[in-house]
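Asker: One structure, pasted below without further comment.
Coordinate-derived values only; no laboratory data. Everything numeric in this text was worked out from a predicted model, so none of it was measured. Note that we place each Cβ from the backbone using ideal geometry, even for glycine, and neighbour counts take in every protein chain shown.
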Amino acid sequence: MTLAPSQPASRFDRDDWASSFRNVGVELSDVPVAAARGTIPEALVGTLYRNGPGRLERGGQWVHHPFDGDGMITALRFEGGGAVLRNRFVRTEGWQAEEQAGKFVYRGVFGTQKPGGVLANAFDLRLKNIANTHVVRLGDQLLALWEAAEPHALDPDTLETRGISRLDGLLKPGEAFSAHPRFDPGHHGSERMVTFGVKTGPRSTIRLMEFAAADNPENGVRAGDLLSERRDSFNGFAFLHDFAITPNWAVFLQNAIDFNPLPYLLGRCGAAQCLKSRPGGQAKFWLIPRDGGAFAGQAPRILDAPDGFVFHHLNAWEEGETVVVESIYYDDFPSIGPDTDFRAVDFTTIPEGLLEQCRLNLADGTVRTERLSERCCEFAMVNPEREGLASRYAWMAVAERETGNDPLQAIKKLDLISGERRVWSAAPRGFVSEPLMVPRPGASAEDDGWVLCLVWNGARCASDLVILNAADLGEQAVLELPLAIPHGLHGSWVPAGA
Ligand code: CO
């Protein structure tokens, strides 16, 4: 593959970036990994779980988009200044069937078609639950998440797939369950996992669910128990990938987009390729009162949202009657046409993600928006102890150059109050994934801890795990993993004993 003329070689090498798109060919079991540079902190004790597409080609056919790749979980266990590595594919029904057949048996939501052309694909509306988007611990289960259907439960230690989980009968077969739970650090007593499912159509219904995330022997609550739920319906087609929480609100951003299912039904493209911005459409904030909060039981609040498209939020919090929501905005929905090869994508033609802050005044219904940074970013987070509260610092993946769209090659720490920023860069041959901020046990400063990030190392054609000091982004350790993990999606940190 050659560089497109619009991409000077000095920024990044497209072959390095694209070399990450490959099949994961091995499943490792507790392989010790030493630091190639620096030292692993003794106080870093727990497990890093990552999820992402691990199988991108079958029988010579490539997925149309990497998001159609089967979920593969990577676990790195840290203890006593050492680390061990394990990885397993999620044994979904689709993965098993396609492993056996040696070819794609299902269509992918992002446009992957079965062999045999339009006739083989038309009216085949079976969804392949590929469990590739996120992985979280809930009670004694590890949940591999994919937002259009139920989670898969895995053993947290062995990563062995237990099967589809309906969460003790809570979910109906095939019911949507978001891949973006939020962990409430204890705004209502003990830690909770707050999440949702969407049933969409001309009217869309959000099912908001709150689970205990920790055992509480005092009231007999066990981690994984459902504490509360509510359902609210809204006008219009809803595409909701992520949301944000405050102590009193669950905050959703309904993008102004439409879904025209015809090309999907006719077998011409994947369901996600039928999403289009609605010209002149009005995006909305949907604020649903949380149970246990000051507005429990009340009707949702609906406010106009600024133009643009949002996949991910950074955080939200309350200041009196104002709810502040920070999100990564794109100018438009970045759609993936049926004729585009994802490895040849021209980054300059895709809008970049930019961090913006919206202040929602619930007293008068007005919304004020401010850009927080001009640098292309994705996968932003605050200290998990500050989820739902005003935070001073955010960590995110960014492009190497200051403006314009490019692959994510650096980690940025942004001071949301002063605007001061620090950057650690993997450029020119490294490509970062979602950074996870892990607080140091017992820390009091908001930025005391580490940032863990899987980096695709184009020089090695394999993945590195980079540990940075969260405060100054100094390099603490680099682990050269004996594993090549394609550019991934989301992951989580589970402290030992949790
Ligand atoms: Co996401």
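Asker: Which ³J(HN,Hα) values, rounded to whole Hz and listed in residue order, are derived for the stretch 470-479 from phi using the Karplus coefficients 6.51, -1.76 and 1.60 in 6.51 cos²θ - 1.76 cosθ + 1.60 with θ = phi - 60°, glycine and proline given as x?
Answerer: Result, rounded to whole Hz: 5, 6, 10, 6, x, 6, 8, 7, 10, 10.
Asker: Now a separate question. Would any residue of the stretch 41-66 have its amide N under 14 Å from a label point 7 Å out along Cα→Cβ of Lys103? List them or say none.
Answerer: Flagged as within label range: 58-62.
Asker: Using the Cα centre of the chain as origin and beta-carbon charges of +1 (Lys, Arg) and -1 (Asp, Glu), tell me which of Ala250, Val45, Leu28 is placed farthest towards the positive end of the dipole.
Answerer: Most positive-ward Cα: Leu28.
Asker: Between Asn235 and Ala294, what is the FRET efficiency for a Förster distance of 25 Å, r being their Cβ-Cβ separation, to the nearest 0.05?
Answerer: 0.45
Asker: Once the Cβ-Cβ distance between Lys199 and Asp15 is put in as r, and R0 is 41 Å, what FRET efficiency do you end up with, to the nearest 0.05?
Answerer: Rounded to the nearest 0.05, the efficiency is 0.45.
Asker: Would the chain count as rounded, prolate or oblate if I go by the C-alpha gyration tensor, calling it rounded below 1.5 in a/c and otherwise prolate when a/b exceeds b/c, oblate otherwise?
Answerer: rounded
Asker: Quick one: dipole size for the stretch 1-132, taken about the Cα centre, charges +1 on Lys/Arg Cβ and -1 on Asp/Glu Cβ, in debye to the nearest 20.
Answerer: 220 debye
Asker: About the Cα centre, and with charges only on the beta carbon of Lys, Arg (+1) and Asp, Glu (-1), how big is the dipole of the stretch 397-498? Nearest 20 debye, please.
Answerer: Using Cβ point charges on Lys, Arg, Asp and Glu, the stretch 397-498 gives about 200 debye.
Asker: Let me ask something else about it. Taking a ≥ b ≥ c as the square roots of the Cα gyration tensor eigenvalues, with a/c under 1.5 meaning rounded and otherwise prolate when a/b beats b/c, else oblate, which class fits the stretch 408-460?
Answerer: Taking the square roots of the gyration eigenvalues as a ≥ b ≥ c, the stretch 408-460 is oblate.
Asker: Only loop residues by DSSP count here, and only those with at most 15 other Cβ atoms within 10 Å; note down the GluC sites (Glu not before Pro) in the stretch 188-279 that meet that.
Answerer: Hits after loop and neighbour filter: Glu218.
Asker: Expressed as a whole number of Å, what is the distance separating the alpha-carbon centroids of the stretch 372-420 and the stretch 125-180?
Answerer: Measuring centre to centre over Cα atoms gives 29 Å.
Asker: For the pairs Lys128/Lys172; Lys284/Lys413; Lys103/Lys276; Lys199/Lys284; Lys284/Lys412; Lys199/Lys412, note any where the Cα-Cα span goes beyond 24 Å.
Answerer: Lys284/Lys413; Lys103/Lys276; Lys284/Lys412; Lys199/Lys412
Asker: Just to confirm the filter: which GluC sites (Glu not before Pro) across the stretch 395-458 are DSSP coil and have at most 11 other Cβ within 10 angstrom of their Cβ?
Answerer: Answer by residue number: Glu402, Glu420.
Asker: With unit charges on the beta carbons (Lys and Arg positive, Asp and Glu negative) and the dipole taken about the Cα centre of the chain, which residue among Gly163, Leu355, Gly497 sits farthest to the positive side?
Answerer: The residue sitting farthest along the positive end of the dipole is Gly163.
Asker: How far, in nm, would the chain grow between Leu125 and Asp168 when pulled straight, counting 0.36 nm per residue and subtracting the alpha carbon separation?
Answerer: Contour length minus Cα-Cα distance gives 12.8 nm.
Asker: Same structure, new question: What residues qualify as long-range amide H neighbours of Ala250, i.e. H under 5 Å apart, gap of 5 or more or another chain, H built at 1.01 Å from N?
Answerer: Ile288, Arg290
Asker: Follow-up question, since we're still on this one. Using only DSSP helix segments of four residues or longer, with each worth -39500 (n - 2.57), what per-residue ellipticity at 222 nm results for the chain after dividing by its residue count and rounding to 500?
Answerer: Theoretical 222 nm ellipticity from helices: -1000 deg cm²/dmol.
Asker: Looking at Phe211, Ile302, Val198, which one has the Cα that reaches farthest to the positive end of the dipole of the stretch 14-495 (charges on Cβ: Lys, Arg +1; Asp, Glu -1)?
Answerer: Val198
Asker: Calculate the FRET efficiency for Ala363 and Ala445 from the Cβ-Cβ distance with a Förster distance of 41 Å, rounded to the nearest 0.05.
Answerer: According to the calculation, E is roughly 0.75.
Asker: Explain nothing, just compute: Karplus ³J(HN,Hα) = 6.51 cos²θ - 1.76 cosθ + 1.60, θ = phi - 60°, for every residue of the stretch 192-207 in order, whole Hz, x for Gly and Pro.
Answerer: Rounded to whole hertz, the list is 10, 9, 9, 8, 8, x, 10, 10, 10, x, x, 10, 10, 10, 9, 9.
Asker: Given +1 on the Cβ of Lys and Arg, -1 on the Cβ of Asp and Glu, and no further charges, what dipole in debye does the stretch 14-495 carry about its Cα centre, rounded to the nearest 20?
Answerer: 1160 debye
Asker: For the chain, calculate the relative contact order in percent as a whole number, restricting contacts to Cα pairs under 8 Å that are 6 or more residues apart.
Answerer: 15 percent
Asker: Answer rounded, prolate or oblate for the stretch 352-475, using the Cα gyration tensor with square roots of eigenvalues a ≥ b ≥ c: rounded when a/c is under 1.5, else prolate when a/b is larger than b/c, else oblate.
Answerer: oblate
Asker: Take the alpha carbon atoms of the stretch 285-358, find their center, do the same for the stretch 451-484, and report the distance between the two centers in whole angstrom.
Answerer: That distance is 29 Å.
Asker: Express the relative contact order of the stretch 396-498 as a whole percentage, based on alpha carbon pairs under 8 Å and six or more residues apart in sequence.
Answerer: Over the stretch 396-498, the number comes to 19 percent.
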